[in-house]
Amino acid sequence: VVGWLWPVGHPEVAPQTGCSIGGGGGGGSSSSHTMDLSKFGIEVRSAEGRGRCLIARRRFQPGDVVLTCPAFVSCVRQAYASKCCARCLRQRPLEICKGCGLFGFCSPECRQAGAEDHAAECGALPKLASLLRAAGGEVWHDGDALHNALLLARVLRAKPRPDDPIAKLASPLAGRPLVLRTFLVQPRLAIPVAIARAVLAAAEHWPALLATPARARPPRDRQEWPPEPPPGSREPQVEVLVGVLLQQQVNACCIFDPEVRETMGAPPGEGVFPEGALTNHSCSPNCQFMYRLGATPLQYVLCVAEVATGEELTVSYGDVTRPVWERRPRIESSHWFRCSCARCEREVKRQGLLDPSSLSRVADVRGRVLRSALSAAASHGGDPCTALEVAGAAFAPAADDRRVAAAFREFQEAKAAASKAGEVGVQSDYLRAACRTLRSLESVMHPDDSALLAELRSRANLLKAEEEEQAEEVAFNWQEGRAMVASLAVDDWVRRVTILGDDLFVGTASSGVRRYRVGEQSARQRYEVGGDPMQAVVADHPAGSDPETSVTSLSFDGRWLAAGLAGGRLHIWAAEGGEPVLEEAPADPGFNCFVLFVDGHLFAAGGKSIRRWTLSKDTGKFERDASTKLSSRVHSISQSSAGGLLVGLGDGTLEVRCQELKLVQDFNVHNGPVSVVAAYDRGFVTGAASGQLVRWNLRGGDEGLEEVWRKSHSGRIVGAAFGGGDTLISGALDGTVRAWDFATGESKFNIPGHKAWLGSICTQANGGLLVTDGRDNAVYMYDFRGSNIGAEEEE
């Protein structure tokens with residue numbers, strides 16, 4: 001039981017509690033359950049980020065009963081089994097069953113109503129209770145594991161249809177088998193895994209525990225729920241049972257007897273109420289649960305505040321009297337979501353978190369790690385890596401414990417590697433480093449504070465598992481050439497696109513750069529450029545010229561946005577506010593400017609020169625601090641796998657330079673301009689103005705390059721990027737976008753229909769999204785992330 005909230009002015013209302021494995025329960029199960037809420041003046045809607053919710057279709061006043069729903073399943077808690085009826089949950093004199101010796105009934109009516117469930121469970125109860133006790137005190141939890149196991153068995157024996165309300169209730173890992181399998185060996189699921197295994201073992205001893213009576217069995221051709229797990233599971237039955245237990249964890253409610261709430265002190269039972277479970281959480285709820293006990297417990301949703309038409313009905317899943325940094329972790333631990341209600345969002349502002357009255361509750365004397373982690377997690381959606389970055393900056397200088405200092409150093413090194421490479425595998429290393437750092441911090445923190453860090457570590461494990469599952473889906477869809485396609489119309493000629501996370505930047509011919517959120521049609525921000533759109537400069541596409549304002553290169557590092565123009569001009573903006581930071585005239589006027597951010601430096605190449613700008617810590621401005629001349633005109637620039645620069649020149653040379661712009665190596669890779677270069681860990685891929693596309697491996701030392709394969713387009717290569725599933729994507733001025741097997745160079749699929757002036761292509765770091773431009777002033781997005789790509793896919 002997490003805590004109580006008593007509605008003011010309604011002392012007869014039973015308290016609402018957050019429920020978790022180890023909460024309370026009720027008595028009995030219902031095999032027929034339908035959902036019709038229109039008669040209550042409410043409706044079910046889907047809300048982004050909140051799932052299904054209940055919306056008022058009329059005004060409600062405090063004290064109004066909004067909804068009444070019977071329990072689909074309920075069970076008495078073992079701690080009250082000798083006092084409360086196993087069917088109606090009332091505290092009455094009982095006749096204890098002589099078979100199991102655990103549960104009793106208060107009347108012949110209740111015994112008859114509960115006969116079917118008890119007959120299926122009676123012979124299994126001693127064995128089941130013994131197995132759960134043997135699993136340890138954390139699992140047994142004063143007998144709470146037993147009623148959780150019986151609720152599980154009753155749901156499975158009922159065999160609801162997939163479209164029944166009980167089967168459609170939210171479950172934190174539904175449809176995510178890889179994440180579920182990852183968590184089966186994590187401490188967070190140790191209790192439900194132990195309960196599931198105990199139920200399966202007891203069912204071997206007493207098969208009726210999980211068997212549906214013959215007269216109640218559904219037709220053989222009826223689809224059943226829960227569904228069978230997909231292939232690849234080592235313990236398919238455990239996976240199914242744990243999935244149902246997780247559904248119970250986030251949907252079941254503790255049932256309190258209003259007649260004896262003063263003397264009992266804790267709820268006597270727990271049940272699942274499918275309609276009431278649609279009521280979402282808020283830390284400022286407008287409704288409250290109450291109960292009426294009987295042959296089937298009833299749940300009432302009672303208004304405790306005025307509810308307007310169209311307003312969502314909410315209850316609290318926990319103790320709303322606690323501070324936000326306690327409420328959020330507890331809700332996330334018990335219900336697998338991060339509360340973002342208006343009250344939490346208001347209280348997690350930095351000024352609220354650092355308020356002296358709040359800090360007085362912090363157990364850590366110095367408070368550095370806890371306060372920093374709280375502020376960062378609140379400001380960045382609970383991202384554990386961002387929280388650690390801020391915490392490390394505050395705590396590391398004062399870290400007396402060598403383990404903590406070493407953990408922060410390792411984390412910073414992993415972060416640096418991830419930011420340089422941007423590859424999925426390196427990002428996974430970053431998350432693993434975050435987990436190790438959090439474990440080290442937990443070992444030296446006060447227990448109250450270490451609980452918050454444990455939640456961050458749990459979140460990091462979940463992110464890592466989700467990332468691995470997403471990578472599998474992306475690789476499969478790339479292999480099959482399957483993607484959902486969406487377009488973004490722009491009222492100007494699109495020249496360049498770049499993407500980082502869900503931020504999409506579109507460079508145009510005459511109206512600067514626009515920033516979009518993936519999935520949105522309207523620009524969130526616009527960045528103006530200098531120059532005259534009526535002034536033409538020489539271009540490398542068939543038209544032969546571009547406006548000098550045409551964006552020919554974009555680079556975004558998460559904070560700063562840089563654009564290079566066809567006339568050679570350079571722009572830098574603060575990405576969030578859009579304020580201009582730098583506008584630089586071209587070093588070689590009339591030539592395209594190519595820009596690239598690497599480790600806080602901005603490199604701009606144009607004509608026969610490269611220049612470097614660095615953000616000054618003293619002035620807060622970008623200051624030019626290095627430059628060099630080249631032997632031939634620049635046609636492309638990219639980051640090397642070692643963090644330096646790859647520069648493609650007009651004479652077919654590829655130069656490797658360090659960040660100080662000194663030449664490290666050069667290679668003759670083509671007979672004409674090197675228009676594209678993309679690095680990987682053992683070499684790079686180059687594209688030429690002639691249409692040639694070549695993969696090269698570095699031999700090592702001064703031995704030069706080894707050509708792995710060579711392919712071609714019929715026009716100048718304008719882009720190359722890495723997709724999922726070992727795929728390389730290339731685009732050319734002939735209007736073709738082609739996918740190649742990176743290892744062999746074999747063609748996987750083509751994307752037809754682009755106009756001849758295809759400008760650029762790019763992918764997200766994990767290869768989940770491919771973005772192209774140049775098709776009728778539009779940007780096209782190919783989403784390879786979905787697991788159920790269907791009718792709208794383009795192959």
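The values are calculated or read from the model by the stated rules, or taken from the named source; none is laboratory data. These figures come from a predicted structure and were not determined experimentally. Cβ placement follows ideal geometry from the backbone for every residue including glycine, while neighbour counts extend to all protein chains displayed. Surface accessibility is based on the protein's heavy atoms, side chains included, excluding ligands, DNA and RNA. Shrake-Rupley method; radii C 1.70, N 1.55, O 1.52, S 1.80 Å.
Might you check whether a residue that is small (Gly, Ala, Ser), in a loop (DSSP other than H, G, I, E, B) and on the phi < 0 side of the Ramachandran plot occurs anywhere in region 192-200?
No, region 192-200 contains no residue that is small (Gly, Ala, Ser), in a loop (DSSP other than H, G, I, E, B) and on the phi < 0 side of the Ramachandran plot.
Test CYS75 against the stated conditions and say whether it is outside any helix (DSSP H, G or I), modelled with pLDDT of 90 or more and buried (at least 20 other Cβ atoms within 10 Å of the Cβ). It would help to see each step written out before you state the result.
Working: outside any helix (DSSP H, G or I): yes; modelled with pLDDT of 90 or more: yes; buried (at least 20 other Cβ atoms within 10 Å of the Cβ): yes.
In short, yes.
Can you tell me which of PHE594, PHE603 is over 17 Å from ASP540 (Cα atoms), of a type outside the set (Gly, Ala, Ser) and outside any loop (DSSP other than H, G, I, E, B)?
PHE603
So, ALA743, is that one of a type in the set (A, V, I, L, M) and either open to solvent by 10 Å² or more (accessible area, probe 1.4 Å) or at pLDDT 95 or above (or both) or not? Talk me through it step by step, then tell me what you get.
Working: of a type in the set (A, V, I, L, M): yes; either open to solvent by 10 Å² or more (accessible area, probe 1.4 Å) or at pLDDT 95 or above (or both): yes.
Judged against the criteria, ALA743 is a match.
Of the residues that make up region 171-185, is at least one touching a His at 6+ places or on another chain (Cβ under 9 Å) and either open to solvent by 60 Å² or more (accessible area, probe 1.4 Å) or under 20 Å from VAL240 (Cβ atoms) (or both)?
Filtering region 171-185 for residues touching a His at 6+ places or on another chain (Cβ under 9 Å) gives 172.
Applying the additional criterion that residues be either open to solvent by 60 Å² or more (accessible area, probe 1.4 Å) or under 20 Å from VAL240 (Cβ atoms) (or both) yields 172.
Yes, that holds for at least one residue.
Just one of GLY577, GLY568 is within 33 Å of the chain's Cα centre (by Cα) and not in a strand (DSSP E or B); which is it? Even if it seems obvious, please write down each step before you answer.
Working: GLY568 fails: within 33 Å of the chain's Cα centre (by Cα).
Among GLY577, GLY568, only GLY577 is within 33 Å of the chain's Cα centre (by Cα) and not in a strand (DSSP E or B).
Take the residues in region 598-607 that are open to solvent by 20 Å² or more (accessible area, probe 1.4 Å) and not acidic (Asp, Glu); name whichever of them is modelled with the highest pLDDT.
The qualifying residue modelled with the highest pLDDT is HIS601.
Test each condition in (1) crowded, with 20+ Cβ neighbours inside 10 Å; (2) modelled with pLDDT under 90; (3) under 21 Å from SER553 (Cα atoms) for THR686 and report the one that comes out false.
(2)
When region 472-494 is examined, which residues are found to be outside any helix (DSSP H, G or I) and among the β-branched types (Val, Ile, Thr)? Walk me through how you get there before you give the answer.
Let us first name the residues in region 472-494 that are outside any helix (DSSP H, G or I), namely 481-494.
Listed by number, the residues that qualify are VAL485, VAL490, VAL494.
Return the pairs, sorted by first residue and then second, in which the second residue is hydroxyl-bearing (Ser, Thr, Tyr) and part of a loop (DSSP other than H, G, I, E, B), the first residue lies in region 287-310 and is touching a residue at least 60 places away in the same chain (Cβ under 8 Å), the beta carbons are less than 7 Å apart, and the residues are 6+ apart or on different chains.
Correct list of pairs: CYS287/THR279; THR296/SER30; VAL301/THR279.
Report the residue count in region 130-150 for those that are over 21 Å from GLU235 (Cβ atoms) and touching a residue at least 40 places away in the same chain (Cβ under 8 Å).
Within region 130-150, residues that are over 21 Å from GLU235 (Cβ atoms) and touching a residue at least 40 places away in the same chain (Cβ under 8 Å) number 7.
Could you run through region 226-251 and say how many residues are surrounded by fewer than 19 Cβ atoms within 10 Å (Cβ to Cβ) and modelled with pLDDT under 70?
Matching residues across region 226-251 total 8.
Would you point out the residue of region 252-275, among those that are open to solvent by 10 Å² or more (accessible area, probe 1.4 Å) and small (Gly, Ala, Ser), that is modelled with the highest pLDDT?
Filtering first and then ranking leaves ALA266.
For region 276-285, how many residues are in a loop (DSSP other than H, G, I, E, B), in contact with a Cys (Cβ under 7 Å, 6 or more places away or on another chain) and open to solvent by 10 Å² or more (accessible area, probe 1.4 Å)?
2
For region 300-340, which residues satisfy the criterion of being within 25 Å of ARG188 (Cβ to Cβ), hydroxyl-bearing (Ser, Thr, Tyr), open to solvent by 30 Å² or more (accessible area, probe 1.4 Å) and assigned to a loop (DSSP other than H, G, I, E, B)?
Across region 300-340, the qualifying residue is only SER340.
Determine, yes or no, whether VAL529 is in contact with a His (Cβ under 6 Å, 6 or more places away or on another chain) and buried (at least 18 other Cβ atoms within 10 Å of the Cβ).
yes
Among the listed residues PRO70, PRO62, which satisfies the condition of being within 40 Å of the chain's Cα centre (by Cα), at pLDDT below 90 and open to solvent by 20 Å² or more (accessible area, probe 1.4 Å)?
Residue meeting the stated conditions: PRO62.
Report yes if GLY564 is at pLDDT 90 or above, buried (at least 24 other Cβ atoms within 10 Å of the Cβ) and in contact with a Gly (Cβ under 6 Å, 6 or more places away or on another chain), otherwise no.
It is false that GLY564 is at pLDDT 90 or above, buried (at least 24 other Cβ atoms within 10 Å of the Cβ) and in contact with a Gly (Cβ under 6 Å, 6 or more places away or on another chain).
Here is a yes/no grid of residues against (1) among the aliphatic types (A, V, I, L, M); (2) in a strand (DSSP E or B):
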| residue | (1), (2) |
| --- | --- |
| ASN697 | no, yes |
| GLU703 | no, no |
| GLY719 | no, yes |
| GLY724 | no, no |
| ARG738 | no, yes |
| ALA743 | yes, no |
| ASN750 | no, yes |
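In region 85-108, is there at least one residue being part of a helix (DSSP H, G or I), of a type in the set (Asp, Glu) and either touching a Gly at 6+ places or on another chain (Cβ under 8 Å) or modelled with pLDDT of 90 or more (or both)?
no
Within region 506-520, can one find any residue that is under 19 Å from GLY606 (Cβ atoms), assigned to a strand (DSSP E or B) and in contact with a Leu (Cβ under 8 Å, 6 or more places away or on another chain)?
yes
Considering each of GLY114, GLY99 in turn, give the residue that is open to solvent by 40 Å² or more (accessible area, probe 1.4 Å) and more than 17 Å from GLN299 (Cβ to Cβ). So that I can check it myself, show each step before the final result.
Details: GLY114 fails: open to solvent by 40 Å² or more (accessible area, probe 1.4 Å).
From the options GLY114, GLY99, the qualifying one is GLY99.
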